[in-house]
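The values are calculated or read from the model by the stated rules, or taken from the named source; none is laboratory data. Everything numeric in this text was worked out from a predicted model, so none of it was measured. A quick note on method: Cβ atoms are made from the backbone with ideal geometry, for glycine too, and the neighbour counts reach across all protein chains shown.
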Amino acid sequence: MRYYDKLIFELSKPGRKGWSLKDSFCGGAAAPAAPVPSGLCRQTPLGLPEVSEVDVVRHYTNLSQMNFGVDTGFYPLGSCTMKYNPKINEEISTLFDDIHPLQPESTVGGVKEVYEKMDSCLAAITGMKHFTFLPCAGAHGELTGLMLMKEYHISRGDTARTKVIVPDSAHGTNPASAAVCGFEIIVVKSGANGLVDVESLKPLLGPDIAGIMMTNPNTLGLFEREIREIAALVHGCGGLLYYDGANMNPLLGMVRPGDMGFDIMHLNLHKTFSTPHGGGGPGSGPVGVAEALVPLLGKPHVSGFHGNAAVILKAYAYILTLGREHISMAGKLATLNANYIKESLKDVYKLPIPTVCKHEFVFDGLLNDGAREGVAGATTLDVAKRLLDFGFHAPTIYFPLLFHQALMIEPTETESKEILDEFIEVMRKIAAEAAEDPDILHQAPHDTPIGRPDETAAARNPILQYR
Ligand SMILES: *Cc1c(COP(=O)(O)O)cnc(C)c1O
C-alpha cells in the first residue's frame, strides 16, 4: 500500500502539525480562554489526526483523484445534464458568502433583486407566472408542486381527486413524490414510439384525477408531440399538469412548458443552470405556477431561509451570460451532440426507437454481445464499467425501465466534436471487444481504485467511520 493510500488517521503522528504560528499571533497560548461555560467544554481532546500541511494537501488531492468529475472528463450520464459549469459563476456566487438568512431585510436589497430578476427570467423561459425558490432539489420541487396541486383542488372544495397519473417512462422521483404527497399513482403506458399513448390515457381520466406528471422531452429524450391534446384531455377532466423540468436544457429559448399547457413545474437549477451536482448538493429546484395557482404560492414567494441563494445567483449569472439571444444555443447544441453520437453508434448498439432525439437517447445494449455456447455475453453494466478504463464516466444504465439493457446517453452542449469522436471510438472498441472476447468486459474496470462493489450494500450500508 502506498503511504498516501492510508486513511488520514493512519497518517497521524503525535505532535505533528500543519501550522506554526508565534504565540503572540492570533491569540496564541497567552491569549485569554474563550468565554465558553465550562459545562459546555469537552472533557477529552477532539480526536483529530495530527499531520503536516503537505500530508493534508496530498491526502485530499489524492482523494479527489479517486472520483470522476465533470472537471476531469466527459460525463454522459443521461437525465443528469452533467454539463461543464463555468468557473466564473462559482466566483460570482461568493458574493453571497457573508449574508445570513436572519439579516434585516433592509440590508439585503441586492439579494432580493436577484431573486426578483430570477423570477422574471424563469417566467420568461418557461411561460409560468411566478416561481418560489424554496425547494433545494428537483424531487423537493416535485413534492412542493404536488402539494400545490393538492391544495388547489381542496381550496375549490374538490376533495375526491386522490390519484396522479405518471407515464411508465417517468423518472423514479415522480411516483415517489406523488406517493409521499399522499396520492395514489396510476401508470399510463408508452406506445411503441416511446411517447405517452393518448388512447391508453383517455380511460384513466375522471373526477378522481388530481393531475398528471410529465417530463418533455421524456426520459427517452423524445418530445411528446401530442402534449397539447394530452393537456386538453387532462384539463377537460378537471386535473392539472405537472411538468418535471429537470430536463429543460434542450428546450431553453425554444419551447415553453406554459405554452404546452402545464400548470405547475420545477426546474433543476443544478442541472441546467450552472451548478456542479451529483454529490448530493447544494441544489435548487424552484417551482413555477400558472396564474390560477399564484395565490397558493404564499407571500412573499421568497421566505424562510430563501432556498440555496448561491445556486440561484449562479443560475442568474449563467442566464445573463447567455442572454435572450444565445440561450437557445445550449439546447440546440445539446440536441445536435446527442444525435451525432446516436447516429455514429447505432450500427453496433441496439437503438430501439430510431427517431431524432432531443438532449439524450437510449440504447438497449449491444447488437452483438459475444454470447456463444458456454460464453456469457457482455451486458450494459459491462460496457459501463469498461468505459471507466478509457477515462469516461458511464452513461446512465438500466433506466428508463422500458428496456432491459438501457444505456442512456446525454452528452450536453459543452463537449467538443473531438471529445464526442473519442467517446464514439471507445464505444466502438468496446463493442468489438464484446463480440470477440466478452470476458475482458466482465472483469472491467481494470484501472480504477474500486472495481465492482456490491452496489446495494455500498449504498445501504456504507462504512463511513474509521475504527
Ligand atoms: C434529476 C431529475 C430529477 C430529480 O432531481 P434531484 O435534484 O436529483 O432531486 C427529477 N426528474 C428528472 C427527469 C431528473 O432528471
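For the reader, a short list of remarks on this structure follows.
- Restricting region 236-271 to residues that are of a type in the set (G, A, S) and within 13 Å of the ligand (Cβ to nearest atom), the residue that is modelled with the highest pLDDT: G245
- Among residues of region 337-363, those that are touching a residue at least 40 places away in the same chain (Cβ under 8 Å) and either more than 21 Å from E422 (Cα to Cα) or in a loop (DSSP other than H, G, I, E, B) (or both), counted: 9
- The condition (being closer than 12 Å to Y316 by Cβ and free of Cβ contacts under 8 Å to residues at least 40 places away in the same chain) is satisfied by just one residue among E105, E116: E116.
- Some residue of region 164-183 being among the charged types (D, E, K, R) and either away from the ligand (no atom under 15 Å from the Cβ) or in a loop (DSSP other than H, G, I, E, B) (or both): yes
- Filter result for the condition that a residue is surrounded by 11 or more Cβ atoms within 10 Å (Cβ to Cβ) and modelled with pLDDT under 90, over G73, G27, G78, G47: G27
- Against the test of being within 16 Å of the ligand (Cβ to nearest atom), in contact with a helix residue (DSSP H, G or I) (Cβ under 6 Å, 6 or more places away or on another chain) and not in a strand (DSSP E or B), the options E151, E142 yield a single qualifying residue, E142.
- Answer residue from region 204-220, given it is more than 11 Å from the ligand (Cβ to nearest atom) and not aliphatic (A, V, I, L, M) and is surrounded by the fewest Cβ atoms within 10 Å (Cβ to Cβ) among those: P207
- Only one of the numbered conditions (1) farther than 21 Å from L220 by Cβ; (2) surrounded by fewer than 24 Cβ atoms within 10 Å (Cβ to Cβ); (3) not β-branched (V, I, T) is violated by M260, and that is (1).
- Unmet criterion (only one of (1) within 19 Å of G281 (Cβ to Cβ); (2) of a type in the set (A, V, I, L, M, F, W, C); (3) not in a loop (DSSP other than H, G, I, E, B)) for C121: (1)
- For region 154-169, the tally of residues that are of a type outside the set (D, E, K, R), surrounded by fewer than 22 Cβ atoms within 10 Å (Cβ to Cβ) and in contact with a Leu (Cβ under 8 Å, 6 or more places away or on another chain) stands at 1.
- Condition check for P400: in a loop (DSSP other than H, G, I, E, B) and more than 20 Å from the chain's Cα centre (by Cα): no
- Comparison of L102, L63 shows that the only residue that is more than 23 Å from E413 (Cα to Cα), over 24 Å from the mean Cα position of the chain (by Cα) and not small (G, A, S) is L102.
- When P400, P352 are checked against the criterion of being touching a His at 6+ places or on another chain (Cβ under 9 Å), surrounded by 16 or more Cβ atoms within 10 Å (Cβ to Cβ) and not acidic (D, E), a single residue qualifies: P400.
- When T72, T132, T94 are checked against the criterion of being touching a helix residue (DSSP H, G or I) at 6+ places or on another chain (Cβ under 9 Å), within 26 Å of S416 (Cβ to Cβ) and more than 15 Å from the ligand (Cβ to nearest atom), a single residue qualifies: T72.
- Selected residue (criterion: nearest to the chain's Cα centre (by Cα)) from residues of region 127-139 that are assigned to a loop (DSSP other than H, G, I, E, B) and not hydrophobic (A, V, I, L, M, F, W, C): P135
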